[in-house]
Amino acid sequence: MAKEPKRPEIPDDLLRLQRAANAAHREAVQRDYSPEGWRPWLDAADKVQRAVTEHATEVGVSRYELEMAVKKAAREAGEAEG
């Protein structure tokens, strides 16, 4: 039986940032597109990207794997609340 690869450790602040970006995205797509309407989502997504890159560099893990783990954990946390 194959083991699932171990996820990188996910700090709470990364999870909070990703959940905020997910919420901003849901709000943005409910409206007609406008640069002003989508700016909160784009800004939130940029914060997540910078934080993931910084954390991955600090702890020496794959930036890609960390980002995917953060996104998955944020989705799972959202499902648990919903």
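The values are calculated or read from the model by the stated rules, or taken from the named source; none is laboratory data. Here the structure is a predicted model, which means the values were calculated and not measured. For neighbour counting, all protein chains shown are included, and Cβ atoms are generated from backbone atoms with ideal geometry for every residue, glycine included. With ligands, DNA and RNA removed, areas are computed over all heavy atoms of the protein, side chains included. Shrake-Rupley method; radii C 1.70, N 1.55, O 1.52, S 1.80 Å.
Selection within segment 32-49: residues that are of a type in the set (Gly, Ala, Ser) and within 14 Å of Gln18 (Cβ to Cβ). The member of this set that is least open to solvent (accessible area, probe 1.4 Å) is Ala44. Residues in segment 51-74: is at least one of a type in the set (Phe, Trp, Tyr), out of contact with any Phe, Trp or Tyr (no Cβ under 9 Å at 6 or more places or on another chain) and part of a helix (DSSP H, G or I)? Yes: segment 51-74 contains one or more residues that are of a type in the set (Phe, Trp, Tyr), out of contact with any Phe, Trp or Tyr (no Cβ under 9 Å at 6 or more places or on another chain) and part of a helix (DSSP H, G or I).
When each of Val59, Val52 is tested for being open to solvent by less than 70 Å² (accessible area, probe 1.4 Å) and either at pLDDT 95 or above or in contact with a Leu (Cβ under 9 Å, 6 or more places away or on another chain) (or both), the lone residue that passes is Val52. Among the numbered conditions (1) crowded, with 16+ Cβ neighbours inside 10 Å; (2) in contact with a Ser or Thr (Cβ under 6 Å, 6 or more places away or on another chain), the only one that Arg19 does not meet is (2). Scoring Arg16 on the criteria (1) of a type outside the set (Gly, Ala, Ser); (2) modelled with pLDDT of 95 or more; (3) not in a helix (DSSP H, G or I) leaves a single failure, condition (3).
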